[in-house]
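Report on the structure given below.
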Amino acid sequence: MSKFKKTYDLSEAEQRDLFNLIQQGKALPEKYRFILFEDKREVELVWNGKTRDVCTTVLPFQTLEHIDEPRQETKTQGDLFDSRGRQMKGWSNKLIWGDNKLILSSLKAGPLRQQIEDAGGLKLIYIDPPFDVGADFSMDIEIGGETFHKEANLLEQIAYRDTWGRGTDSFIAMMYERLVLMRDLLAPDGSIFLHCDYRVSALVRLAMDEIFGRERFNNEIIWKYSGGRLGKRFFGRKHDNIFWYARGDSWTFHPDRVRDEYAAATVERFSSTIRNVRNGEDFGEQSLNPDGKFPEDVFTISIEAPSAHIRTGYPTQKPEALLEKIMLACSDEGDLVADFFIGSGTTAAVAERLGRRWIATDLGKFGIHTTRKRLIGVQRELKAAEKDFRAFEVLNLGRYERQAYLNLGGRLTAEQRSAALNQKECEFRDLILRAYKASPLGAEGAAQDGFFHGARNGRLVVIGPINLPVGRLFVEEVITECRKRGASRVDILAFEFEMGLFPAVLEEARSKGIDLSPKYIPAEVFDKRAVDKGQVVFHDISFVEATPRYDKKNKLALTIELSDFSVYYTQGAADAAIAALKEGKSDVICEQGQLYKISKSKEGVVTRERLTKHWTDWVDYWAVDFDYLQRKEIIKVPVGTGLGGVASLEGFEHPQGVLALPEFEERWTGGYIFENEWQSFRTRQSRELELATAVHTYDRAGRYTVAVKVIDIFGNDTMTLIPVNVG
């Protein structure tokens with residue numbers, strides 16, 4: 001804590017100036033910070049809005065999916081596996097969807113912190129944050145030999161705004177808070193590697209000096225590659241920067257595992273005998289180390305070739321050799337490593353192959369889906385080679401606090417913040433209702449405590465939060481409020497729904513006599529012209545149909561066939577896309593659940609070709625859980641909180657700075673964990689998709705609920721439940 005200087009260090013004019021500014025509630029000029037407070041720092045990075053406050057919210061993690069390739073034999077670890085060779089105990093790797101700021105604060109003081117400590121602590125973090133101002137979560141989807149550019153959804157757009165909305169100020173503010181949380185999560189002998197390039201390297205280095213300490217800096221690694229940006233006005237940009245900082249006084253480093261090749265000239269020079277003679281004394285024959293020379297801080301590693309089998313289509317995908325070198329040198333087998341901007345999944349894939357435990361997170365659903373497919377591929381590869389591997393779980397965060405989803409800046413009192421929250425919520429709801437052509441409930445709705453926001457065609461309308469997904473807890477609240485009012489039909493509007501939410505909650509509502517209709521809010525809702533013209537289309541969730549096939553000879557055997565899949569996406573207005581199209585050019589648009597290639601001839605004639613010719617064109621991945629109701633979804637929440645489990649780190653800090661975790665208790669969310677027992681998916685190398693599962697044989701006769709999950713080419717998931725009776 002900085003010490004306040006005595007007032008006689010200030011001139012009378014400065015004292016008057018200070019008193020006037022404080023009385024008026026105005027911010028103090030920067031110069032007073034150095035006049036009033038003692039500070040040992042000689043150099044500091046300062047930006048507009050800088051604060052040392054970090055997120056203290058603790059949210060429960062919800063396990064959506066458990067993925068594990070069955071093993072034929074379990075070797076000496078039989079107690080960890082069930083009868084099918086699937087891991088049931090011990091550490092499972094974590095793939096987490098959500099805002100990494102909230103994930104980090106929840107890992108720091110939530111129930112998973114104990115699991116992390118039991119695993120030996122977090123020993124290595126590698127992150128490759130979006131240091132390119134163009135990294136906006138949009139992506140290119142290949143379909144029918146053409147490319148469709150999918151825009152980021154609203155959650156991703158808001159994340160991009162928070163990262164780059166005010167330019168570099170936003171980026172460094174975003175990174176600073178997250179780096180503080182990462183530092184606090186690292187083991188005392190842990191290391192962090194931050195990957196960036198010339199655009200932000202100077203700023204990142206200063207921020208990390210401040211957070212970790214300049215004395216904790218180990219290396220600036222130069223990753224030299226071919227390709228890169230060339231230009232006539234500057235030297236070719238052929239490298240990225242990777243900063244390595246340690247958490248404490250000791251760290252893991254094994255140089256012999258990653259020695260570099262000697263230069264050809266050195267090898268040639270040592271091809272004949274060389275004596276090691278110093279000061280006239282002969283120390284014997286000098287030779288080269290057969291494993292290579294001591295590793296240096298310049299890594300010359302090629303970018304993955306576009307045709308490489310591990311290419312995922314991510315433009316920022318890093319080569320596995322780069323992560324392998326870092327991981328081999330600075331961690332040991334069994335260590336826990338993490339990447340909080342996982343993207344295409346390289347860190348997790350390398351960690352799995354090298355026998356490291358891992359945590360990987362991303363805000364983009366497509367990144368989570370890409371990593372899921374990649375890690376299933378790694379599991380299959382290790383299984384075929386008869387090597388060990390671990391199960392992994394797909395998780396997301398539970399309930400959020402209101403202030404977590406409405407972007408309020410500035411220093412506000414509690415009263416001002418509450419008023420600002422209410423104002424922003426009202427503006428947001430009014431805009432959505434107008435675009436949906438629904439009538440606001442007005443005074444009557446307010447009399448009913450304002451839970452529902454509008455009505456349309458005899459159905460109530462409720463709007464989810466602006467930049468976080470609608471989850472089970474929100475839907476359960478909708479059901480409860482419907483029953484209070486005697487309402488039976490309601491539309492739920494949201495920009496995003498939690499993965500794995502449907503159809504279980506719809507079935508639950510239907511059993512209570514309530515017809516829920518979830519609908520996606522399109523980004524066009526913020527286009528006033530589109531709203532005024534009535535062009536905003538709210539689309540339904542996807543539809544899945546799967547059929548059970550029974551074996552006439554083996555009454556316990558079952559096969560599931562994927563028989564239909566429909567989506568209802570629309571991106572942008574077709575008329576606007578056609579108007580913007582130049583003569584002789586073409587584009588791909590998404591309209592009412594179909595992708596079309598529109599072309600305009602040099603004479604201005606427009607033609608339209610449907611690219612999604614069959615429903616299977618929309619399916620990228622599908623998986624089956626043959627006994628969905630066998631494993632309840634249990635979350636841990638701080639004792640004394642509700643099911644949402646929202647807590648704060650404040651009050652859990654020991655006076656000596658040691659984190660004291662709150663007590664947790666287990667609660668059932670009402671949902672179930674999807675046990676991924678069989679899956680088929682497309683890769684860049686193989687576009688084939690199996691439409692029927694392998695034969696599954698149950699241990700005993702009975703009634704079961706089969707869950708079928710489909711993930712479309714945009715990375716969104718849909719599930720259906722099928723009751724079956726075998727035996």
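Residue-by-condition table, conditions (1) of a type in the set (Ser, Thr, Tyr); (2) surrounded by 13 or more Cβ atoms within 10 Å (Cβ to Cβ); (3) touching a residue at least 60 places away in the same chain (Cβ under 8 Å); (4) farther than 21 Å from residue 328 by Cβ:
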{"position": "215", "(1), (2), (3), (4)": "no, no, no, yes"}
{"position": "233", "(1), (2), (3), (4)": "no, no, no, yes"}
{"position": "238", "(1), (2), (3), (4)": "no, yes, no, yes"}
{"position": "246", "(1), (2), (3), (4)": "no, yes, no, no"}
{"position": "258", "(1), (2), (3), (4)": "no, yes, yes, no"}
### Task
Could you list all residues from segment 670-685 that are open to solvent by 10 Å² or more (accessible area, probe 1.4 Å) and either at pLDDT below 85 or charged (D, E, K, R) (or both)?
670, 677, 682, 684, 685
### Query
Pairs under 6 Å by beta carbon, first residue within 14 Å of residue 102 (Cα to Cα) in segment 49-60, partner at pLDDT 85 or above and in a loop (DSSP other than H, G, I, E, B), six or more apart or different chains?
58/110
#### Entry: The lone exception for residue 584 - which of (1) on the phi < 0 side of the Ramachandran plot; (2) small (Gly, Ala, Ser); (3) open to solvent by 40 Å² or more (accessible area, probe 1.4 Å) it fails
(1)
### Task
State all residues of segment 315-348 that are buried (at least 22 other Cβ atoms within 10 Å of the Cβ) and out of contact with any strand residue (DSSP E or B) (no Cβ under 9 Å at 6 or more places or on another chain); if no residue qualifies, say none.
344
### Condition broken by residue 473, with the remaining ones in (1) modelled with pLDDT under 85; (2) under 28 Å from the mean Cα position of the chain (by Cα); (3) closer than 21 Å to residue 538 by Cβ satisfied
(3)
### Residue match in segment 703-711 (condition: modelled with pLDDT of 90 or more, small (Gly, Ala, Ser) and open to solvent by 30 Å² or more (accessible area, probe 1.4 Å))
no
### Of all residues in segment 66-86 being surrounded by fewer than 22 Cβ atoms within 10 Å (Cβ to Cβ) and in a strand (DSSP E or B), the one that is modelled with the highest pLDDT
66
## Note on the structure
Of the residues in segment 433-453, those that are at pLDDT 85 or above and either among the polar types (S, T, N, Q) or open to solvent by 70 Å² or more (accessible area, probe 1.4 Å) (or both) number 4
### Query
Inside segment 377-388, can you point out the residues that are open to solvent by less than 40 Å² (accessible area, probe 1.4 Å) and either farther than 15 Å from residue 355 by Cα or of a type outside the set (A, V, I, L, M, F, W, C) (or both)?
377, 379
#### Entry: Top-ranked residue in segment 530-548 [being open to solvent by 50 Å² or more (accessible area, probe 1.4 Å) and touching a residue at least 12 places away in the same chain (Cβ under 8 Å); ranked as farthest from residue 432 (Cα to Cα)]
545
### Query
For segment 597-639, what are the residues that are assigned to a strand (DSSP E or B) and crowded, with 20+ Cβ neighbours inside 10 Å?
619, 620, 621, 622, 623, 624, 625, 635, 637, 638
### Task
Scan (1) modelled with pLDDT of 80 or more; (2) outside any helix (DSSP H, G or I) for the single condition residue 117 breaks and write down its number.
(2)
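Yes/no per residue for (1) in contact with a helix residue (DSSP H, G or I) (Cβ under 8 Å, 6 or more places away or on another chain); (2) in a helix (DSSP H, G or I); (3) at pLDDT 85 or above:
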residue: 207; (1), (2), (3): yes, yes, yes
residue: 219; (1), (2), (3): no, no, yes
residue: 224; (1), (2), (3): no, no, yes
residue: 228; (1), (2), (3): no, no, no
residue: 232; (1), (2), (3): no, no, no
residue: 238; (1), (2), (3): no, no, yes
residue: 250; (1), (2), (3): no, no, yes
residue: 268; (1), (2), (3): no, yes, no
### Message
I want to confirm something. Restricting to segment 305-327 and keeping residues that are among the charged types (D, E, K, R) and closer than 17 Å to residue 378 by Cα, which single residue is modelled with the lowest pLDDT?
### Response
311
### Message
If the requirement is being at pLDDT below 95, open to solvent by 20 Å² or more (accessible area, probe 1.4 Å) and more than 30 Å from residue 686 (Cα to Cα), which of these qualifies: 169, 140?
### Response
169
### Task
Only residues that are open to solvent by less than 50 Å² (accessible area, probe 1.4 Å) and at pLDDT 85 or above: list them for segment 514-529, please.
514, 516, 517, 518, 519, 520, 521
### Query
What number of residues within segment 188-208 satisfy the criterion of being free of Cβ contacts under 8 Å to residues at least 40 places away in the same chain and open to solvent by 10 Å² or more (accessible area, probe 1.4 Å)?
2
### Task
Name the residue, out of 483, 489, 456, 472, that is buried (at least 20 other Cβ atoms within 10 Å of the Cβ) and of a type in the set (D, E, K, R).
472
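Rundown of residues vs (1) more than 30 Å from residue 188 (Cα to Cα); (2) within 46 Å of the chain's Cα centre (by Cα); (3) at pLDDT below 90, yes/no style:
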site	(1), (2), (3)
243	no, yes, no
258	no, yes, no
264	yes, yes, yes
275	yes, no, yes
300	yes, yes, no
### Message
If I filter segment 551-563 for residues that are within 30 Å of the chain's Cα centre (by Cα) and either surrounded by 14 or more Cβ atoms within 10 Å (Cβ to Cβ) or modelled with pLDDT under 90 (or both), do I get at least one hit?
### Response
yes
### Task
Within segment 505-514, identify whether any single residue is touching a residue at least 12 places away in the same chain (Cβ under 8 Å) and of a type in the set (Ser, Thr, Tyr), and answer yes or no.
no
### Task
Check residue 456 against each of (1) under 29 Å from residue 709 (Cα atoms); (2) modelled with pLDDT of 90 or more and name the one condition it does not meet.
(1)
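The values are calculated or read from the model by the stated rules, or taken from the named source; none is laboratory data. Values in this document were obtained by computation on a predicted structure and should not be read as measured data. For neighbour counting, all protein chains shown are included, and Cβ atoms are generated from backbone atoms with ideal geometry for every residue, glycine included. For accessibility, only protein heavy atoms count, side chains too; no ligands or nucleic acids. Shrake-Rupley method; radii C 1.70, N 1.55, O 1.52, S 1.80 Å.
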